[in-house]
1. Could you list the trypsin sites (Lys or Arg not before Pro) in region 42-81 that lie in coil according to DSSP, counting only those with at most 12 other Cβ atoms within 10 Å of their Cβ?
2. Work out from phi, with θ = phi - 60° and the Karplus expression 6.51 cos²θ - 1.76 cosθ + 1.60, the ³J(HN,Hα) of each residue of region 41-53, listed in order in whole Hz, and give x for Gly and Pro.
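Nothing in this text is a laboratory measurement; each read-out follows from the coordinates by a stated rule. Note that the structure is predicted; figures quoted are calculated from it, not measured. Because the Cβ atoms are built from the backbone with ideal geometry, glycine has one as well, and the counts that use them run over all protein chains shown.
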Amino acid sequence: MQKLSPALALAVLSACATNGGFLRELPEDVVALAAPNQNLQAVKLLEEDGCYWYEHDGPVETTLLPLLSKRGRHICLQQES
């Protein structure tokens, strides 16, 4: 799991307005970490797990998939202990 710093997490939660639950703008760090061929135009940050998920339009259904880094790890906010 690729984690982001608490400072970045706060910036994301306070600065990113949502559009139908999707973030209007992704932080540059998230864009830089994300593997290619993922829909960065429809990304949500889920409270349940603190991870980013993107909308995938498949041939049968549209579903949320975890946003993965170039190393194949989930991109999540770092949880404070």
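1. Values: sites: K44, K70, R71, R73; in loops: K70, R71, R73.
For trypsin sites (Lys or Arg not before Pro) across region 42-81 that sit outside H, G, I, E and B with at most 12 neighbouring Cβ atoms in 10 Å, the list reads K70, R71.
2. Per-residue couplings from phi come out as 8, 9, 10, 10, 10, 7, 5, 4, 10, x, 10, 8, 10 Hz.
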